[in-house]
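Shown next, in C-alpha cells, is the structure this report addresses.
The values are calculated or read from the model by the stated rules, or taken from the named source; none is laboratory data. The model shown is predicted, which means the values in this text are computed figures rather than measured ones. Here the Cβ positions follow ideal geometry from the backbone for every residue, glycine too, while neighbour counts run over all protein chains shown.
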Amino acid sequence: MSDPSDSTLLTDTGKARPPNAGKGRVKGVPNKLTADLKKMILGALEDAGGQAYLAKQANESPGAFLTLIGKILPMQMTGPDGKDLIPQTLDASKLNVAEREAMRALLLKMGGGE
C-alpha cells in the first residue's frame with residue numbers, strides 16, 4: 001500500500017487524490033458530446049438523401065459546399081514526392097478549351113465574374 005503522507009497522492013487540503021486523477025482522456029478518444037453530435041449530423045445527412053443531397057448542394061450552393069469541403073479536407077495535401085498535389089497557381093493558358101469553359105462557368109456561378 002502507498003504511504004498517505006506521499007505528497008503526490010495528496011491534494012492541497014491534505015485529502016487523498018483519486019488514483020487516476022490528472023491522467024485525462026487517452027489520446028484519440030473523442031469527447032462523448034462530439035461523438036454524439038457527429039452521429040446526429042451523419043443521421044440527418046442520410047435522412048436528407050446522403051451523397052445525392054450533397055451533390056445537389058454542390059450545384060445549388062457551390063460557395064457553401066466548397067466551405068464544407070475546406071473544413072473537412074486536410075489543410076495540406078502532398079504527393080509521394082512531397083510536392084503539392086494542387087499547384088499554387090493555375091496557368092489558364094495551359095488549359096484546353098473545355099477546361100477553360102468549365103472554370104469560367106464555375107467562377108460565374110460562384111459570383112467571381114469574368
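Overview of values
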| item | result |
| --- | --- |
| Residue in region 94-106 that is part of a helix (DSSP H, G or I), at pLDDT below 70 and touching a helix residue (DSSP H, G or I) at 6+ places or on another chain (Cβ under 9 Å) present | no |
| Cβ-Cβ under 8 Å pairs, at least 6 apart or on other chains, region 26-44 side more than 19 Å from LEU68 (Cα to Cα), far side loosely packed, with under 10 Cβ neighbours inside 10 Å | ASN31/ARG25 |
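Condition check ((1) hydroxyl-bearing (Ser, Thr, Tyr); (2) more than 21 Å from the chain's Cα centre (by Cα); (3) exposed (fewer than 12 other Cβ atoms within 10 Å of the Cβ)) across all residues:
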residue: ALA21; (1), (2), (3): no, yes, yes
residue: ALA35; (1), (2), (3): no, no, yes
residue: ALA52; (1), (2), (3): no, no, yes
residue: ALA55; (1), (2), (3): no, no, no
residue: ALA58; (1), (2), (3): no, no, no
